[in-house]
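The values are calculated or read from the model by the stated rules, or taken from the named source; none is laboratory data. Everything numeric here is computed off the predicted structure, so don't read it as measured data. Note that each Cβ is placed from the backbone with ideal geometry, even for glycine, and that neighbours are counted across all protein chains shown.
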Amino acid sequence: MNAEILTVGTELLLGDILNTNAQYLATELARLGIPVHYQSTVGDNPERLRRTLAQALERSDIILTSGGLGPTKDDLTKETVCSLLEQPLELHGPSLEWMRGYFARTGRTMSANNEKQAMLPAGCTVFANAVGTAPGCAIRKDGKHILMLPGPPRELVPMFETGAKAYLRQFTQGTIVSRNLRVFGIGESTLESYVNDLVDLANPSCALYAKEGEVLIRVTAMAPDAGRAGALLEPLLAQLRERLGAYIYGEEADSLEQVVVGKLRRHGKTIATAESCTGGLVAEKITRVPGASEVFSYGVCTYANEAKTRALGVSARLLAEQGAVCERVAMQMAAGIRERAGADIGVGVTGIAGPGGGTAEKPVGLVYIALADRERVWARKLLLGRGGAEREYVRNLTSLHLLDLVRRYLSAPPDGLEGGMPVKELFADA
């Protein structure tokens, strides 16, 4: 059986509230082995809700709604469902008594319109609301099932866990298990050429999702239980690891910065940052990770040439001859911040984020990043421009490339960091 999620509320359409209910329900249905084929959002309009429900009933076996169960006039989910199914509403005594007790326990007077919440479809399965007033319910008609849940996530989640999930288990034919691989440093089209034959598999399946600067690979399998589903995944995961190697920066990881901070902590190393075009974004990404204080020394933003010289020791002659945007400046920034912070690793970045400031020789999106340890310093040239006003894109992608450089340095053995310049030679001609 397949499912559809229908979230109700004008505030969702306006963007005033983030629709976390749809994400939560989709995840939980997947864990139950019930595939979700459609998701819809409709405002507090009975006619539009009726049309959307009618369409959902034509194409889906199970419809889960959230929202529209409250006491006000625009809370019309139950009324619309019952009208469409020609099912009467009737007062559910236990829900009314619970509601009265809830108001008494919280020291409030229950207004008459709250009784509307205890009007439920005749013959429905009732889901108690342990933390609020509106009960949920499930109604069956002509082989179709509609489950109505409240809109507030703090009410929907416990109701799903204690009531709706048990109701849905009668339809489960297996369990779906997914694993996520995070990939950086290779575009989606090139990545697809590496794994094109694997994307065509059915069970387990492999899907690519492009994000800004990276690609998420979701590998999914369905089996009678989680153990067998996991066993189905492993051969496919092994093939992906073999083909993509160090492009995979994490499995079940949230972000590059999370992986980098974790590696720094495991290796017992500290890092310091010197940033120009990114304006502190690298430091911000690192310090948003819990535990970053154990590994992050400090960071500086040096936009002006004089500041690069005074704070980091960048050669004034180098700046005058080659300008701030060059490989050697990034290297001196990385080495300078490492020495001044007493950190194990220093990173530096300089470039042209745009939208102005670019030239034919140094276009918008030209960036140099560097990493220095106590002995050597490595640098990379990036061309990130796309021909438009893309300042935030360049800044964000630059920060990701720099974090990936740190990740590769901390790998065992370091990946793609052959050579490099001895630090003692870096300032030799300053």
* Scanning for something in the same structural domain as Ala320 (by TED's automatic domain parsing) and within 28 Å of His267 (Cα to Cα), does region 352-366 turn up at least one residue? -> no
* Tell me which residues, restricted to region 335-357, are more than 15 Å from Ile286 (Cβ to Cβ) and small (Gly, Ala, Ser). => Ala335, Gly336, Gly342, Gly351, Ala353, Gly354, Gly356, Gly357
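Among the candidates Glu90, Glu97, which residue alone is surrounded by fewer than 17 Cβ atoms within 10 Å (Cβ to Cβ), part of a helix (DSSP H, G or I) and either of a type outside the set (Phe, Trp, Tyr) or outside the structural domain of Leu147 (by TED's automatic domain parsing) (or both)?
Values: Glu90 fails: part of a helix (DSSP H, G or I).
The match here is Glu97.
Looking at region 1-17, which of the residues that are of a type in the set (S, T, N, Q) and either outside the structural domain of Pro153 (by TED's automatic domain parsing) or in contact with a strand residue (DSSP E or B) (Cβ under 8 Å, 6 or more places away or on another chain) (or both) is surrounded by the fewest Cβ atoms within 10 Å (Cβ to Cβ)?
Asn2
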* To do: Check Gly346 against each of (1) surrounded by fewer than 18 Cβ atoms within 10 Å (Cβ to Cβ); (2) in a strand (DSSP E or B) and name the one condition it does not meet.
  => (1)
* Is region 397-409 home to any residue that is assigned to a loop (DSSP other than H, G, I, E, B) and among the aliphatic types (A, V, I, L, M)? -> no
* **Yes/no for Ser315 being of a type in the set (Gly, Ala, Ser) and either within 14 Å of Gly346 (Cα to Cα) or free of Cβ contacts under 8 Å to residues at least 12 places away in the same chain (or both)** => no
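Do you know which of the residues in region 354-379 that are under 16 Å from Val423 (Cα atoms) and not in a strand (DSSP E or B) is nearest to the chain's Cα centre (by Cα)?
Asp373
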* If you go through region 165-192, how many residues are of a type outside the set (D, E, K, R), touching a residue at least 40 places away in the same chain (Cβ under 8 Å) and not in a helix (DSSP H, G or I)? -> 13
* Could you tell me which numbered condition Thr220 fails, if it satisfies all but one of (1) assigned by TED's automatic domain parsing to the domain that holds Thr27; (2) in contact with a strand residue (DSSP E or B) (Cβ under 7 Å, 6 or more places away or on another chain)? => (1)
